[in-house]
Amino acid sequence: WYRDDRMIAAADGDPLATLDFYEPHYYNNEGQNGAWSPFHRPVEYWNVDKPVVIGEFYISGANAPTSVPNTNFAESDTCKVLEELGYAGGWPWQWNEHAQEMAECIAKVED
């Protein structure tokens, strides 16, 4: 759906109308018990030609990446896991409810 050639065509042939990166969101409430989880697959798995930034994900609770069966990392490690799997970054969600968990997640990447 989103490729440089299609973006250029949609912009009347403007060669600068290309994607810089992909930004999917991930919530385990979408089902499939992690089948779409970037936290359980390296970025190469998706076979895309741009950096991937996970635009949104729950940091805590029933829909967090750690709610997937057989997950072997803690909620506070989700940001670090993205980095280790080759993603260009991510934005944990729920600042209003889980500010402390988000700060811990981000701090582990900065270490």
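Some observations on this one:
- Filter result for the condition that a residue is under 17 Å from Trp1 (Cα atoms) and modelled with pLDDT of 85 or more, over Glu44, Glu23: Glu23
- Out of Lys50, Lys80, sole residue that is touching a strand residue (DSSP E or B) at 6+ places or on another chain (Cβ under 6 Å) and basic (Lys, Arg): Lys50
- When the stretch 1-47 is limited to residues that are open to solvent by 100 Å² or more (accessible area, probe 1.4 Å) and more than 30 Å from Ile59 (Cβ to Cβ), the one that is nearest to the chain's Cα centre (by Cα) turns out to be Arg3.
- Test result for Pro69, more than 15 Å from Ile106 (Cα to Cα), modelled with pLDDT under 95 and within 10 Å of the chain's Cα centre (by Cα): no
- Candidates in the stretch 1-25 are the residues that are assigned to a loop (DSSP other than H, G, I, E, B) and acidic (Asp, Glu); of these, the one that is farthest from Leu82 (Cα to Cα) is Asp12.
- Residues that are touching a residue at least 12 places away in the same chain (Cβ under 8 Å) and of a type in the set (Phe, Trp, Tyr), drawn from the stretch 88-111: Trp91, Trp93
- Positions within the stretch 52-105 being of a type in the set (Phe, Trp, Tyr) and either touching a Cys at 6+ places or on another chain (Cβ under 7 Å) or surrounded by 16 or more Cβ atoms within 10 Å (Cβ to Cβ) (or both), in sequence order: Phe57, Tyr58, Tyr87, Trp91, Trp93
The values are calculated or read from the model by the stated rules, or taken from the named source; none is laboratory data. Keep in mind it's a predicted model, so treat the numbers as computed, not measured. Positions of Cβ are generated from backbone atoms using ideal geometry, with glycine treated the same way; all protein chains shown enter the neighbour counts. Accessible surface areas use protein heavy atoms only, side chains included; no ligands, DNA or RNA. Shrake-Rupley method; radii C 1.70, N 1.55, O 1.52, S 1.80 Å.
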